[in-house]
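A.B. asks: Pasting in a structure now, in structure tokens, and then I'll have a few things to ask.
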Amino acid sequence: MTNGTPAGEPPLIVKLDGPGWLAELLIQPPTGSTKPAEFEVALTQGRNGRRHRLTTNVRYTTATNRLRTGWSKWFVKVYHCLDNHEADLLRRHLGQQAAAIQLANAQLPGPRRNQVEPPWAAVPVHIVRGDGLADNVGQVRTELAVTPEELAARLRRDLPAWLTGAGTQPGQFLLAISPFMELLQWDGYHSWPATEQLPEFAGMAVGLDTLHRNGTVHCDIKPDNICRYNTSQVTGYVLIDTDSVTQFEPPPTSVRVTRPYFYRGLGDWFANPKVRHLGVDPAILRAHDRFGFAVAVLTALAGRDWVDRVLLRDPDLTYTGVDYDGPRTADNREYVKRALHQHWPNRDPGRDWTPLIDALSEPFGREIEAPGWWLTEWLERVVAAEQRCVTGLVAERVFAVADPQMYRAQLDEIRGGANQRPARRVDAAQQGYDAIAQAGAVAAQRSATGHLLLWSLIAVPVFLLVFTLFNALV
């Protein structure tokens with residue numbers, strides 16, 4: 001074995017490039033069993049366009065970048081289609097998804113130099129067809145004396161067996177390649193709102209609003225599909241697993257969702273025989289994304305265990321199953337408010353979580369079907385509401401700032417101690433720390449002496465008085 005490739009078998013190397021970036025990826029052979037995946041792809045565009053449902057087998061693997069630029073580790077999904085025709089349909093479908101994500105990511109402000117650098121709303125994906133990989137592992141020259149059969153044999157020799165074995169053709173394979181992201185570890189419970197995570201969702205909100213404005217939805221927003229990107233310049237939360245991305249037109253007659261992270265209106269749509277064959281209305285698709293985003297935000301603020309056990313179960317907490325389609329706390333805004341008030345009681349006299357709870361509960365009503373840049377504005381309302389949760393009791397606490405002139409002597413003493421001998425910058429900083437610590441110790445000693453003297457002035461007369469009374473009584 002060499003670099004994960006069986007001995008004697010050619011490695012699979014994929015070269016990706018774009019404006020300002022280049023990657024040379026060594027693909028590891030897929031491991032594990034295959035999993036079926038269904039896709040509903042558009043045959044024709046437009047409101048009245050036709051759709052076709054196809055099934056493909058999926059395996060997963062990783063890749064390492066042999067160049068020292070860009071991301072070092074990549075995630076790879078390997079799709080094996082029934083035939084070349086379905087591979088072409090799926091390649092066009094996945095390519096449209098990748099283009100929509102790239103367009104949404106481009107709308108995010110930030111220090112991005114190229115499309116494979118964050119900030120991102122969703123991880124960018126690159127679609128590569130199996131029989132096109134031969135150009136990346138060795139050029140095959142076109143020769144007049146070489147027959148098409150001989151060219152095909154050369155191509156097969158340049159590809160690993162997992163792409164050409166058992167009678168399969170490389171053209172039936174598609175590779176979806178994206179930078180590798182680490183999953184977040186969501187905390188189980190937060191007894192107070194973990195609002196420090198709100199800024200991490202800002203880019204995702206802008207990107208999803210852009211996707212919706214361009215007629216596309218993610219369709220599978222849940223905590224397991226949210227990761228963090230973290231570079232020297234920018235950090236934030238990002239969506240992965242984008243093969244669920246769906247376009248508004250032609251309207252889809254099925255949607256890839258994960259229970260229980262689905263919008264109630266979507267379930268109602270498919271339960272209605274009068275409309276389900278028409279395809280899902282764009283307003284319902286938008287609302288489904290917004291619902292999933294709101295559940296993810298509450299998972300970060302309140303804890304995953306609380307969200308799964310309370311928010312996504314029925315209001316009376318009597319159901320213990322997993323795939324429950326009946327009423328849940330998350331299906332009613334008032335239920336959500338009541339549950340959040342129970343989870344975050346106002347025990348601190350300086351805090352009142354009501355404004356934050358009111359804002360967080362907004363996505364759990366039918367109003368999220370409205371058009372517009374809803375997620376960005378909602379997240380801004382949540383951030384503003386959190387600022388209003390501080391009551392006047394806390395807001396009126398004013399801490400007096402000492403006049404520097406009162407401590408001029410102490411400051412001069414600290415400065416003199418720090419500059420007592422010449423030193424390098426690091427050593428000089430350490431001398432400054434030592435001088436501050438020494439001055440602090442002296443100040444503490446003086447304060448303790450002053451308090452001791454004060455208590456002695458009070459305690460001595462009291463002791464004499466008690467002693468005199470005791471002698472008189474005896």
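A.B. asks: Thr56: polar (S, T, N, Q), assigned to a strand (DSSP E or B) and in contact with a Cys (Cβ under 7 Å, 6 or more places away or on another chain), yes or no?
C.D. replies: Judged against the criteria, Thr56 is a match.
A.B. asks: Also, I was wondering about something else. Give the number of residues within the stretch 349-376 that are part of a helix (DSSP H, G or I) and either open to solvent by less than 60 Å² (accessible area, probe 1.4 Å) or at pLDDT 95 or above (or both).
C.D. replies: Counting residues in the stretch 349-376 that are part of a helix (DSSP H, G or I) and either open to solvent by less than 60 Å² (accessible area, probe 1.4 Å) or at pLDDT 95 or above (or both) gives 12.
A.B. asks: State the number of residues belonging to the stretch 150-182 that are touching a Pro at 6+ places or on another chain (Cβ under 9 Å), part of a loop (DSSP other than H, G, I, E, B) and modelled with pLDDT under 60.
C.D. replies: From the stretch 150-182, those touching a Pro at 6+ places or on another chain (Cβ under 9 Å) are 155-164, 178-179; that's our starting set.
Now restrict to residues that are part of a loop (DSSP other than H, G, I, E, B): 158-160.
Cutting the leftovers down to modelled with pLDDT under 60 gives us 158.
Residues flagged as touching a Pro at 6+ places or on another chain (Cβ under 9 Å), part of a loop (DSSP other than H, G, I, E, B) and modelled with pLDDT under 60 within the stretch 150-182 amount to 1.
A.B. asks: If Asn346 satisfies every condition in (1) over 21 Å from Val255 (Cα atoms); (2) modelled with pLDDT of 90 or more but one, which is the exception?
C.D. replies: Condition not satisfied by Asn346: (2).
A.B. asks: Of all residues in the stretch 61-82, how many are open to solvent by 60 Å² or more (accessible area, probe 1.4 Å) and closer than 21 Å to Pro36 by Cα?
C.D. replies: Matching residues across the stretch 61-82 total 2.
A.B. asks: While we're looking at this one, here's another question. For the subset of the stretch 259-305 comprising residues that are at pLDDT 95 or above and among the aromatic types (Phe, Trp, Tyr), which member is farthest from Gln185 (Cα to Cα)?
C.D. replies: Restricting to residues being at pLDDT 95 or above and among the aromatic types (Phe, Trp, Tyr), the top hit is Phe291.
A.B. asks: Could I ask something else about it? I'm trying to understand the selection: among the residues of the stretch 237-262, which are polar (S, T, N, Q) and over 24 Å from Phe180 (Cα atoms)? So that I can check it myself, show each step before the final result.
C.D. replies: Just the residues of the stretch 237-262 that are polar (S, T, N, Q), to begin with: 242, 244, 246-247, 253-254, 258.
Gln247, Thr253, Ser254 - these are the residues of the stretch 237-262 that are polar (S, T, N, Q) and over 24 Å from Phe180 (Cα atoms).
A.B. asks: Please determine, by comparing only the residues of the stretch 15-35 that are within 12 Å of Thr62 (Cα to Cα) and of a type in the set (Val, Ile, Thr), which one is modelled with the highest pLDDT.
C.D. replies: Ranking the candidates gives Ile27 first.
The values are calculated or read from the model by the stated rules, or taken from the named source; none is laboratory data. Please read these numbers as outputs of a predicted model, since none were measured by experiment. Virtual Cβ from ideal backbone geometry, glycine too; neighbours counted across all protein chains shown. Quick note on the areas: whole protein, heavy atoms, side chains included, nothing else; ligands and nucleic acids left out. Shrake-Rupley method; radii C 1.70, N 1.55, O 1.52, S 1.80 Å.
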